[in-house]
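A.B. asks: Handing you a structure now.
The values are calculated or read from the model by the stated rules, or taken from the named source; none is laboratory data. Values in this document were obtained by computation on a predicted structure and should not be read as measured data. Cβ atoms come from the backbone with ideal geometry, glycine included; neighbour counts cover every protein chain shown.
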Amino acid sequence: ALVRLIDTMHTPQGRIAVAGFYDAVRPLTEAEQAQIDEIPYDEADYKAELGVDELFGEPDHSTYERAWTRPTLEVNGIWGGFQGEGVKTVLPSSAHAKISCRLVPDQDPGQIVNLLSTHIEKHTPPGVKVTIIPNPSTADPYLIPYDHPGNQAAVDVHKELFGKEPYYARMGGSIPVCGIFLKELGAYTVNFAFGLKDENIHGPDEFFRLKSFWRAQLAYGMLLEQLSEYELK
């Protein structure tokens, strides 16, 4: 029953099938689309990095668009029944799943929880009881406009450090304080970091190169100096 219920949450093509889930999703502007399209992308390298043979997701959107600009709904864990060694031919009386959603600008976490709860209640098989326990730790999605003066200051620092124009890339991470600062203080936060993709962020073997640490120290000093020359909002 749990697997059948989870299966109703996506179409075979990978689109989220929860009614109203995409209603608040902000479409990309022509400028934003152009910024994503100009970022180098090699599908073979991307597959090799992930260790997969095929990529999957909304067919009308590129890999970078799906990773950076589209919301997600995924199952992080699923369990139930006998888990020990050997065999026990007893049908489990309960099963559990952990579900999370990565949201994009203009989506509201509380509304998404309500939409998902309504979907679950609607598609629960007859004779099955479902308990939904929302996680109280939610975060508003956050995006700083690419032409914000704070971003421009970061661009200037990167150009001075590396001698070339940086790309405008988004990341599907979770930094709740950015949304809090924007909501409570009306202030945007510039995301400015120097970690490299081979440093296994959040992994047990995560590391950070000393030369990147030293470069970041220099860059933050330069950023503060650059910010003093811009009128920020």
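A.B. asks: Go through (1) more than 20 Å from Y142 (Cβ to Cβ); (2) in contact (Cβ under 8 Å) with a residue 12 or more places away in the chain; (3) of a type in the set (G, A, S) for A67 and report which single condition fails.
C.D. replies: (1)
A.B. asks: Tally up the residues in the stretch 37-60 that are assigned to a loop (DSSP other than H, G, I, E, B), of a type in the set (D, E, K, R) and surrounded by 14 or more Cβ atoms within 10 Å (Cβ to Cβ), please.
C.D. replies: Count: 1.
A.B. asks: Cβ-Cβ under 9 Å, sequence separation 6+ or interchain: first residue in the stretch 37-52 and under 11 Å from Y64 (Cα atoms), partner part of a helix (DSSP H, G or I). Which pairs?
C.D. replies: Pairs found: D37/Y64; I39/Y64; Y41/T63; Y41/Y64; E43/T63; Y46/T63.
A.B. asks: Let me ask something additional. Checking the structure you have, find out if any residue of the stretch 132-146 is in contact with a Leu (Cβ under 7 Å, 6 or more places away or on another chain) and in a helix (DSSP H, G or I).
C.D. replies: no
A.B. asks: Residues that are more than 26 Å from E199 (Cβ to Cβ) and surrounded by 15 or more Cβ atoms within 10 Å (Cβ to Cβ): does the stretch 61-69 have at least one?
C.D. replies: Yes; the residues of the stretch 61-69 include at least one that is more than 26 Å from E199 (Cβ to Cβ) and surrounded by 15 or more Cβ atoms within 10 Å (Cβ to Cβ).
A.B. asks: Still on this structure, I have one more. When you go through A34, A24 one by one, which is the residue that is hydrophobic (A, V, I, L, M, F, W, C), over 26 Å from I201 (Cβ atoms) and in a loop (DSSP other than H, G, I, E, B)?
C.D. replies: Working: A34 fails: in a loop (DSSP other than H, G, I, E, B).
Checking each option against the conditions leaves just A24.
A.B. asks: Looking only at residues that are of a type in the set (D, E) and in contact (Cβ under 8 Å) with a residue 24 or more places away in the chain in the stretch 154-176, which one is surrounded by the most Cβ atoms within 10 Å (Cβ to Cβ)?
C.D. replies: My answer is D156.
A.B. asks: On the basis of being surrounded by fewer than 11 Cβ atoms within 10 Å (Cβ to Cβ) and either assigned by TED's automatic domain parsing to the domain that holds L103 or farther than 21 Å from Q33 by Cα (or both), does K183 make the cut?
C.D. replies: In short, no.
A.B. asks: Can you tell which of K88, K122 is in contact with a Phe, Trp or Tyr (Cβ under 7 Å, 6 or more places away or on another chain), charged (D, E, K, R) and surrounded by fewer than 18 Cβ atoms within 10 Å (Cβ to Cβ)?
C.D. replies: Answer to the check: K88.
A.B. asks: I'd like to check something: does the stretch 153-165 contain any residue that is of a type in the set (G, A, S) and either in a helix (DSSP H, G or I) or at pLDDT below 90 (or both)?
C.D. replies: Scanning the stretch 153-165, I find at least one residue that is of a type in the set (G, A, S) and either in a helix (DSSP H, G or I) or at pLDDT below 90 (or both), so the answer is yes.
A.B. asks: Report whether or not G77 is in a strand (DSSP E or B), out of contact with any Phe, Trp or Tyr (no Cβ under 7 Å at 6 or more places or on another chain) and not basic (K, R).
C.D. replies: yes
A.B. asks: Let me ask something else. Among the residues of the stretch 14-28, write down those that are on the phi < 0 side of the Ramachandran plot and surrounded by 11 or more Cβ atoms within 10 Å (Cβ to Cβ).
C.D. replies: R15, I16, A17, V18, A19, F21, Y22, A24, V25, R26, L28
A.B. asks: Identify all residues within the stretch 125-153 that are loosely packed, with under 11 Cβ neighbours inside 10 Å and among the charged types (D, E, K, R); write none if there are none.
C.D. replies: Passing the criteria: K129, D147.
A.B. asks: Might you check whether a residue that is within 30 Å of C178 (Cβ to Cβ) and outside any loop (DSSP other than H, G, I, E, B) occurs anywhere in the stretch 84-96?
C.D. replies: No; the residues of the stretch 84-96 include none that is within 30 Å of C178 (Cβ to Cβ) and outside any loop (DSSP other than H, G, I, E, B).
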